[in-house]
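Trainee: Below is the structure I would like to discuss, written out as structure tokens.
The values are calculated or read from the model by the stated rules, or taken from the named source; none is laboratory data. Small disclaimer: the values here were computed from a predicted structure and weren't measured. Every residue, glycine among them, receives a Cβ derived from its backbone with ideal geometry; neighbour counts consider all protein chains shown.
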Amino acid sequence: MGQNRISLVAWTLIFLAMICSPVAAQRELKKGESTITGRVVFADTGAPVRRAAVRLMTNVNYPASRATSTNSRGEFRFNEVAAGTYFVTAQAPGGVSAFMLAITEFGVSADVEPEYTRVSVDGKSAVRCEVRVSRGNTIRGAIVYSDKEPVTGARIVLFWRKNGGTRPLYMEPVNTNDRGMYRIDGLPDGEYFVGVMNSKSKILSNREDARHVVTAYYPGVDSITDAKVIQVQSGSEVKSINMTLGDDELRQVSGVVKWKDGGKVVSKAVLMLRKTDEPATESSFRNVIQTITPPGTNNDDTMFRDMAIGMLMSPPTIETNLKGEWTFEDLPPGKYLLAAYASLSEKDKPLSTTDELTLDESDDRVGTPDRPLVSRKIELTIGDEDLKDVVIELSEGGRVSGVVVAEESALPRVRISVAGRDKDFLDALSSTVTNGATFMMEGVPGGDIRLDAQTSSDEDLYVKSIMLGNHDLMRDPIKMTEDAEIAGVRITVGKGLATLGGRVQFDEGGPIVAGGGVLLVKADPVLWGLQSSRLFGATDPAGEFLLKCAPGDYLVFAWVGGGQPMQSIEGFVRSNLASARRITLQSREEKRIELTVTKPKR
């Protein structure tokens, strides 16, 4: 679309595509003597696909183990393959783009129904297979002002409606050209809402510029609740998705961030703004990483992948200046949620009059760990005029302290957080990780709070309880005021995880579900909002899964590959409660179950 530089979103998506191949993060397969050969064809015509990228995988949810490309006849070959069952997938020019994904509480969703071929080899003989790829769909249109002049350099955004929810679709940036026209290629089948972000003064050419909110949704409405859904399927091209924008409907909101205690301004505070009715990436970063990381993977191997996903998940932000001032521009009328974040480490620092960073070696704070983030969220309504002098006051919050007790092991590292705060990316940084028998949480928000805690996923340990006297802080909320301190919390860690294995297959005696998903969540509805109450698994090429979890009563859910829910976990569990499998697991018990799912209609 005539851009001179690639945005951060584009680089992130390209990087994610790279690290899903063995070029950047290879997970070597054991070598054998089998050969897998085959041909890649388009699903609708059967025509061979040249220059397709073919991947050999042990699990469609994890990075590829080997990769190659097809020749002019669409043929490919993998040599020295060990005995086992594998997935063979292909990405083709003209097919569904690899640079599109949605992030939910269930992890990363890339395809609606990924085309893959399941292949089994004995480690000695040769096997031939055919891999089908679906053609990508197209949405195109034009954006103009009321006088028919083109809107140039506006950013086009998509929201993907699928499996019970709507989420932002991350993709390579698409801007309108000098005629106000845009085109989005490579879309998977599905339903979409099209939005446009427009600026009065500049072209939105990079992610930093794209901190603006959506100006309008197709067919030209302010709210996504009034927007018209666009259906694309089977290599279709949807034309004339046009919008007309008003000439002078954008407003400005500005103000200052201060500390409530003393009124000191907060420099370098981080602010985020979004429409209250706009779908957001409400996911725990830690949870997303867990759902897409193979068991036993070294953290160093996935560091760059995790950084790339973190850049996508973290919403566009602005910072306050040295006077604590901030401004959001180009905002259409509507209701908004404004959030401000700052580190408690900044509160005690003297106000600086320059942008230069200086360190006083005599300052006893130098070299000490940063204190946690605190936040404040307020709602705003923007009408026909700019909003000025909006004041956001940050509080130090309360403190929670206590001890960690391990029943059968050395003291583990335990991550402690306020239950339900991981809905925003920056809130996840407010957790506390223990390094000994005692802990102290700062910046705890006021209101009724519950606590959550988790041990490392690679240890045979689990959090058994979080108690304040006889009060169960995982189930029963406790009242927290902004300056209160609650002491005497006791976190008990148990040893001896249970093991749940099994197989997923289609109902009515159908084939196995390879590349599907499994969710294990505590049966008690009070615990559904806790990160520690849920665990994800993925089925391998044989439809098998294996999970290690704390003992207790659980609900088990499963879905097909590409059928990942877009709802929140709590919303998904509530709407699918009738179909859940209920099980009880004892400490160190090994149990196996068979799960069924309904085959999706094509």
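Trainee: What are the residues in region 444-457 that are under 19 Å from Gly397 (Cβ atoms), in contact with a helix residue (DSSP H, G or I) (Cβ under 8 Å, 6 or more places away or on another chain) and at pLDDT 85 or above, if any?
Mentor: Within region 444-457, Asp452, Ala453 meet the criteria.
Trainee: Is it the case that some residue within region 232-248 is touching a residue at least 24 places away in the same chain (Cβ under 8 Å), within 23 Å of Val108 (Cα to Cα) and assigned to a strand (DSSP E or B)?
Mentor: The answer is yes, given that some residue of region 232-248 is touching a residue at least 24 places away in the same chain (Cβ under 8 Å), within 23 Å of Val108 (Cα to Cα) and assigned to a strand (DSSP E or B).
Trainee: Going residue by residue through region 385-394, is there one that turns out to be at pLDDT 90 or above and at positive phi?
Mentor: Within region 385-394, one or more residues are at pLDDT 90 or above and at positive phi.
Trainee: Answer with yes or no whether Pro541 is within 19 Å of the chain's Cα centre (by Cα) and assigned to a loop (DSSP other than H, G, I, E, B).
Mentor: Answer is no for this residue.
Trainee: Please identify the pairs in which a residue from region 389-409 that is farther than 21 Å from Tyr341 by Cβ has its Cβ atom under 7 Å from the Cβ atom of a residue that is of a type in the set (A, V, I, L, M) and surrounded by fewer than 16 Cβ atoms within 10 Å (Cβ to Cβ), counting only partners at least 6 apart or on another chain.
Mentor: Within 7 Å, the pairs are Ser401/Met440; Ser401/Ala487; Gly402/Ala487; Val403/Ala437; Val404/Leu411; Val404/Ala437.
Trainee: Next question, about the same structure. Scan region 573-602 and report the pairs whose first residue is not assigned by TED's automatic domain parsing to the domain that holds Pro525 and in a strand (DSSP E or B) and whose second residue is of a type in the set (Lys, Arg) and surrounded by fewer than 14 Cβ atoms within 10 Å (Cβ to Cβ), with Cβ atoms within less than 6 Å and a gap of 6+ or a chain change.
Mentor: Sorted first by the residue in region 573-602, then by its partner, the list stays empty.
Trainee: Can you report the number of residues in region 16-62 which are modelled with pLDDT of 60 or more and either in contact with a Leu (Cβ under 9 Å, 6 or more places away or on another chain) or not in a loop (DSSP other than H, G, I, E, B) (or both)?
Mentor: 19
Trainee: Another question about this same structure. Restricting attention to region 368-420, which residues are in contact with a helix residue (DSSP H, G or I) (Cβ under 7 Å, 6 or more places away or on another chain) and surrounded by fewer than 16 Cβ atoms within 10 Å (Cβ to Cβ)?
Mentor: The one that is in contact with a helix residue (DSSP H, G or I) (Cβ under 7 Å, 6 or more places away or on another chain) and surrounded by fewer than 16 Cβ atoms within 10 Å (Cβ to Cβ): Asp370.
Trainee: When the residues of region 451-510 are narrowed to those that are under 29 Å from the mean Cα position of the chain (by Cα) and among the acidic types (Asp, Glu), which ends up surrounded by the most Cβ atoms within 10 Å (Cβ to Cβ)?
Mentor: Asp452
Trainee: Name the pairs: first residue in region 558-571 and in contact (Cβ under 8 Å) with a residue 12 or more places away in the chain and part of a loop (DSSP other than H, G, I, E, B), second residue among the acidic types (Asp, Glu) and surrounded by fewer than 20 Cβ atoms within 10 Å (Cβ to Cβ), Cβ to Cβ under 7 Å, at least 6 apart or on different chains?
Mentor: So the pair list comes out as Gly562/Glu113; Ser568/Glu282.
Trainee: Looking only at region 509-533, which residues are on the phi > 0 side of the Ramachandran plot and in contact (Cβ under 8 Å) with a residue 24 or more places away in the chain?
Mentor: Gly515
Trainee: Given the structure, is Val194 touching a residue at least 12 places away in the same chain (Cβ under 8 Å), hydrophobic (A, V, I, L, M, F, W, C) and farther than 30 Å from Phe572 by Cα?
Mentor: no
Trainee: With respect to Val504, is the statement that it is in contact with a Ser or Thr (Cβ under 9 Å, 6 or more places away or on another chain), among the hydrophobic types (A, V, I, L, M, F, W, C), over 21 Å from Asn59 (Cβ atoms) and modelled with pLDDT of 90 or more true?
Mentor: The answer is no for Val504.
Trainee: Would a scan of region 565-583 turn up a residue that is modelled with pLDDT of 90 or more, touching a strand residue (DSSP E or B) at 6+ places or on another chain (Cβ under 9 Å), within 28 Å of Val121 (Cβ to Cβ) and not basic (Lys, Arg)?
Mentor: No.
Results for (1) among the basic types (Lys, Arg); (2) more than 14 Å from Leu547 (Cα to Cα); (3) not in a loop (DSSP other than H, G, I, E, B), shown as yes or no for each residue.
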site	(1), (2), (3)
Gln454	no, yes, yes
Lys464	yes, yes, yes
Met467	no, yes, yes
Ala487	no, yes, yes
Val493	no, yes, yes
Thr499	no, no, yes
Gln505	no, yes, yes
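Trainee: Just to be sure I understand, how many residues within region 544-602 are under 12 Å from Ala498 (Cβ atoms), surrounded by 13 or more Cβ atoms within 10 Å (Cβ to Cβ) and not aliphatic (A, V, I, L, M)?
Mentor: 8
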